[in-house]
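Shown next, in structure tokens, is the structure this report addresses.
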Amino acid sequence: MNLQDNFRKAMRSYIYSVSVMSNVDENKKFSAITVSSVTSVSLDPPSLLVCINKSAGIHNSIKEGSSFCINLLNKNQEDISNLCSSFKTEGDRFNSGDWDLNGTPFLKSAQANIFCTVDELISYHTHTIVIGHVTNSLSDEKINTLTYVDGSYE
Ligand SMILES: Cc1cc2nc3c(=O)[nH]c(=O)nc-3n(C[C@H](O)[C@H](O)[C@H](O)COP(=O)(O)O)c2cc1C
């Protein structure tokens with residue numbers, strides 16, 4: 001196996017939490033994408049990062065100062081993860097799940113919702129690293145987070 005194959009194999013053995021990043025642009029176009037690359041950056045200021053492929057539908061709507069929500073999914077929301085990670089379903093992503101579409105879209109029944117404004121965008125080859133300044137967060141008491149390992153949900 002070459003370096004990239006070995007790297008992919010190693011990364012597939014991580015256990016990821018599955019989130020959906022959601023936003024709405026100035027033309028009222030709603031976007032959502034399944035992401036596993038969410039990591040907290042600091043508590044002061046409260047901040048996180050997420051890595052977005054430049055070819056993803058949501059990518060060009062992510063601008064400095066714009067708002068987005070990271071919706072951490074629970075184990076009953078595998079269907080939403082599938083909807084938001086298949087190019088065939090781009091038009092259907094807000095038809096399933098209890099989305100609140102007033103303002104920045106967020107999934108009301110998610111495990112957690114972390115609301116952010118884009119603080120910094122860092123271009124790195126195929127991806128943009130999005131640094132979000134956290135403006136609000138909500139979370140369920142009981143932890144039932146959807147996880148993903150070796151290509152399958154757990
Ligand atoms: C569990 C899981 C995690 C993912 N994590 C990311 C991620 O962190 N960043 C990313 O750009 N794409 C990620 N993807 C891929 C995108 O969800 C997928 O390519 C999506 O279809 C791109 O959006 P689009 O169809 O609107 O272009 C992930 C997919 C899955 C199933």
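Computed from the coordinates by the stated procedures, all read-outs in this text should not be read as laboratory data. Here the structure is a predicted model, which means the values were calculated and not measured. Note that we place each Cβ from the backbone using ideal geometry, even for glycine, and neighbour counts take in every protein chain shown.
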Problem set entry | Given (1) in contact (Cβ under 8 Å) with a residue 24 or more places away in the chain; (2) not in a strand (DSSP E or B), number of the condition Thr117 does not satisfy | (2)
Seminar exercise, completed: Given (1) in contact with a Ser or Thr (Cβ under 9 Å, 6 or more places away or on another chain); (2) assigned to a loop (DSSP other than H, G, I, E, B), Met1 misses just (1)
Problem set entry | Complete set of residues in the stretch 39-61 that are of a type in the set (A, V, I, L, M), within 11 Å of the ligand (Cβ to nearest atom) and farther than 10 Å from Gly132 by Cα | Ile52, Ala56, Ile58
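For a quick check of your reading: which strands (runs of 3 or more DSSP E) sit entirely within the stretch 14-71 and have at least 2 residues that are over 19 Å from Asn136 (Cα atoms)?
Details: elements: 19-24, 30-35, 39-43, 46-53.
Correct list: 30-35, 46-53.
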For this session: Please work out which one of (1) in contact (Cβ under 8 Å) with a residue 12 or more places away in the chain; (2) within 20 Å of Asp25 (Cα to Cα); (3) within 14 Å of the ligand (Cβ to nearest atom); (4) outside any loop (DSSP other than H, G, I, E, B) is the condition Ser81 fails and give its number.
Result: (2)
Problem set entry | Restricting the stretch 86-101 to residues that are over 15 Å from Thr34 (Cα atoms) and loosely packed, with under 12 Cβ neighbours inside 10 Å, the residue that is farthest from the ligand (Cβ to nearest atom) | Asp98
Seminar exercise, completed: Of the residues in the stretch 120-154, those that are of a type in the set (Gly, Ala, Ser) and part of a strand (DSSP E or B) come to Ser123, Gly132, Ser137, Ser139, Ser152
Problem set entry | Sole residue being surrounded by 14 or more Cβ atoms within 10 Å (Cβ to Cβ) and not hydroxyl-bearing (Ser, Thr, Tyr), chosen from Asn71, Asn27, Asn136 | Asn71
